[in-house]
Amino acid sequence: KHMANLEEFTTQQVKEKRVGNLKILFENKVILMIIIMIYICNISMFPLQAIIPLFVKNIFHGKFFDFATLQVIRSAGAFLGCLLVGIMLSRIALWKKVFSTQLITALFYLAFSLSKNAYSSSIFLGFLGFFSAMSSVYVFSLIQKISSRDSLSTVMPIVSFSITCSQPIAMLIFGALLTKISFINLAIAYSIILIVTALITLTLPEYRKVEG
């Protein structure tokens, strides 16, 4: 009976802890903003997987090899971004790292959307991959920085869930919009959404106080 009471008490403690962590999550404006930002960014970034082959076929008049080349260049940029993330912008506040890499990523996304040839697009995608990879690392570092040890176990699963569920939703939205809007205009719109999202984060004073 004592063991049963102890188990029931422990279960109740865990439930109360989870509820408390969720309360902290929604009370912390910075964490909530970051989760929303991640979701919006993923909704805008995931369709790039479908946009790139559309550009290769309809704008660059290329073949599968050209699409594969662009993907490799983008992936190589992301790989370099992950390698260099530790030494780049090391003395700048963490929120500035997040903001600057997100904004630069969005600008290269826009540049790719306006590009008319494969050569310049490969350069834009390479830099897009580079800065988007850095941005992802900085975002997760920011989450760890502002989250307490207890709340981190609640925050990270929510962030992971946002990333996972946003991919199919992003492709569904893209597919629906593609029937009415050209892929070029959609790419431009997605890049502008990323730019606006990055700028909106600056309106939160608590966000600009995060050091690291």
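Given the condition out of contact with any helix residue (DSSP H, G or I) (no Cβ under 8 Å at 6 or more places or on another chain), of a type in the set (Val, Ile, Thr) and closer than 30 Å to GLN144 by Cβ, answer yes or no: does some residue in region 178-187 qualify? Working first, answer last.
Kept after step one, since they are out of contact with any helix residue (DSSP H, G or I) (no Cβ under 8 Å at 6 or more places or on another chain), are these residues of region 178-187: 179-180, 182, 185.
Within this subset, residues satisfying the condition of being of a type in the set (Val, Ile, Thr) are 179.
Filter once more, keeping what is closer than 30 Å to GLN144 by Cβ: none.
No, because not a single residue in region 178-187 is out of contact with any helix residue (DSSP H, G or I) (no Cβ under 8 Å at 6 or more places or on another chain), of a type in the set (Val, Ile, Thr) and closer than 30 Å to GLN144 by Cβ.
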Just a yes or no: is a residue in region 57-67 under 27 Å from LYS209 (Cα atoms), assigned to a helix (DSSP H, G or I), hydrophobic (A, V, I, L, M, F, W, C) and open to solvent by 30 Å² or more (accessible area, probe 1.4 Å)? no
Counted residues in region 70-89 being modelled with pLDDT of 90 or more, surrounded by fewer than 16 Cβ atoms within 10 Å (Cβ to Cβ) and β-branched (Val, Ile, Thr) come to 1
So ILE52 passes all but one of these: (1) within 17 Å of TYR190 (Cβ to Cβ); (2) open to solvent by 10 Å² or more (accessible area, probe 1.4 Å). Which condition number does it fail? (2)
Take SER160 and tell me if it is under 22 Å from GLN49 (Cβ atoms), touching a residue at least 60 places away in the same chain (Cβ under 8 Å), out of contact with any Leu (no Cβ under 6 Å at 6 or more places or on another chain) and among the small types (Gly, Ala, Ser). no
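Residue by residue, here is whether (1) modelled with pLDDT of 95 or more; (2) surrounded by 15 or more Cβ atoms within 10 Å (Cβ to Cβ); (3) basic (Lys, Arg); (4) in a helix (DSSP H, G or I) holds:
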| residue | (1), (2), (3), (4) |
| --- | --- |
| THR101 | no, yes, no, yes |
| TYR109 | yes, yes, no, yes |
| PHE112 | yes, yes, no, yes |
| LYS116 | no, no, yes, no |
| PHE130 | yes, yes, no, yes |
| VAL137 | no, yes, no, yes |
| THR154 | no, yes, no, yes |
| ILE169 | no, no, no, yes |
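Of all residues in region 139-151, which are open to solvent by 30 Å² or more (accessible area, probe 1.4 Å) and not charged (D, E, K, R)? Reasoning before the result, please.
To start, the set of residues in region 139-151 that are open to solvent by 30 Å² or more (accessible area, probe 1.4 Å) comprises 140-141, 144-146, 148-150.
Scanning region 139-151 gives PHE140, SER141, GLN144, ILE146, SER148.
The values are calculated or read from the model by the stated rules, or taken from the named source; none is laboratory data. Values in this document were obtained by computation on a predicted structure and should not be read as measured data. Neighbour counts are summed over all protein chains in view; Cβ atoms, including those assigned to glycine, are modelled from backbone coordinates with ideal geometry. For the accessible areas, the whole protein counts, side chains as well, though only heavy atoms, and no ligand, DNA or RNA atoms are used. Shrake-Rupley method; radii C 1.70, N 1.55, O 1.52, S 1.80 Å.
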